[in-house]
């Protein structure tokens, strides 16, 4: 039985390692970078007082949709990100045998969880882009509020929302930690990258991951407030976090810094598209 599973995994691994899928995944990484560059630009617009701007993935995709040939670009973004999700998730197929080894099971589970988490992020953004490509209306903040409200109405819903909020804060902390430690450089094929570019990639990556960490931390705090007060209006996504930052005393300055951080992350993602490595343990 184990031999059959092993053969099936090897066959699936060949698919996820196929050069065509790898090339499509690079397109997805480029799209991922462009989306973050657009979020940075939209956040800068908010810092300048453009209150009607959605500074999140939805706003970025709406910006793409409004350009000439936007529908075609959205299809390219969506399909590229789906390929990226498959390519990233395929790394689990390399490590799955470690789950059968008691000595290395915990380490392997952590590596697989990282791969699957990244793949899930790419897949969600891919589906959102494809929804825009077919003309569907979708607002991330509104959907989050609806989902939060529905969850709060069921027994134990507040606990579930609070747990989700803690998870988002943990995600933000992890992103911030990656920025501080430089762990994100494991996603870059360093031997293939010119030595002179490595310090540049590291600097922009640190700034980008730190900015994302702060933004997601604010999202988690707002979601936790919704869980403890039953006020669904406080449950907002990235755009709501930007608005909350903007309402502070140094709002415009802080938003400008966050905007620069998201733009830096976008540049880092483009560098990763040029020199990709999907192995988080390398």
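The values are calculated or read from the model by the stated rules, or taken from the named source; none is laboratory data. Only a predicted model underlies this, so the values are computations on that prediction, with no experimental measurement involved. We place every Cβ from the backbone using ideal geometry, glycine too, and count neighbours over all the protein chains shown.
Can you find a residue that is modelled with pLDDT of 85 or more, outside any helix (DSSP H, G or I) and crowded, with 21+ Cβ neighbours inside 10 Å anywhere in region 201-218?
No, the conditions are met nowhere in region 201-218.
With the structure loaded, tell me whether residue 44 is modelled with pLDDT of 85 or more, touching a helix residue (DSSP H, G or I) at 6+ places or on another chain (Cβ under 7 Å), part of a helix (DSSP H, G or I) and surrounded by fewer than 18 Cβ atoms within 10 Å (Cβ to Cβ) or whether it fails that test.
Spelling it out, it is not the case that residue 44 is modelled with pLDDT of 85 or more, touching a helix residue (DSSP H, G or I) at 6+ places or on another chain (Cβ under 7 Å), part of a helix (DSSP H, G or I) and surrounded by fewer than 18 Cβ atoms within 10 Å (Cβ to Cβ).
Run residue 76 past the list (1) modelled with pLDDT under 90; (2) part of a helix (DSSP H, G or I) and report the number of the one that doesn't hold.
That leaves (1) as the condition not met.
Please go through region 21-38 and pick out each residue that is modelled with pLDDT under 90 and crowded, with 24+ Cβ neighbours inside 10 Å.
25
Go through region 66-75 and count every residue that is closer than 15 Å to residue 38 by Cβ and surrounded by 15 or more Cβ atoms within 10 Å (Cβ to Cβ).
3
Hey, could you check region 171-200 for residues that are touching a strand residue (DSSP E or B) at 6+ places or on another chain (Cβ under 9 Å) and part of a helix (DSSP H, G or I) and say which is surrounded by the most Cβ atoms within 10 Å (Cβ to Cβ)?
By that ranking, first place goes to 187.
Which of the residues that make up region 219-272 are surrounded by fewer than 21 Cβ atoms within 10 Å (Cβ to Cβ) and not in a helix (DSSP H, G or I)?
Residues satisfying the conditions are 230, 231, 247, 248, 249, 250.
Please name all residue pairs, on different chains or six or more residues apart, with Cβ atoms under 6 Å, provided the first residue is in region 45-57 and is farther than 19 Å from residue 35 by Cα and the second residue is outside any loop (DSSP other than H, G, I, E, B) and at pLDDT 75 or above.
From region 45-57, no pairs qualify.
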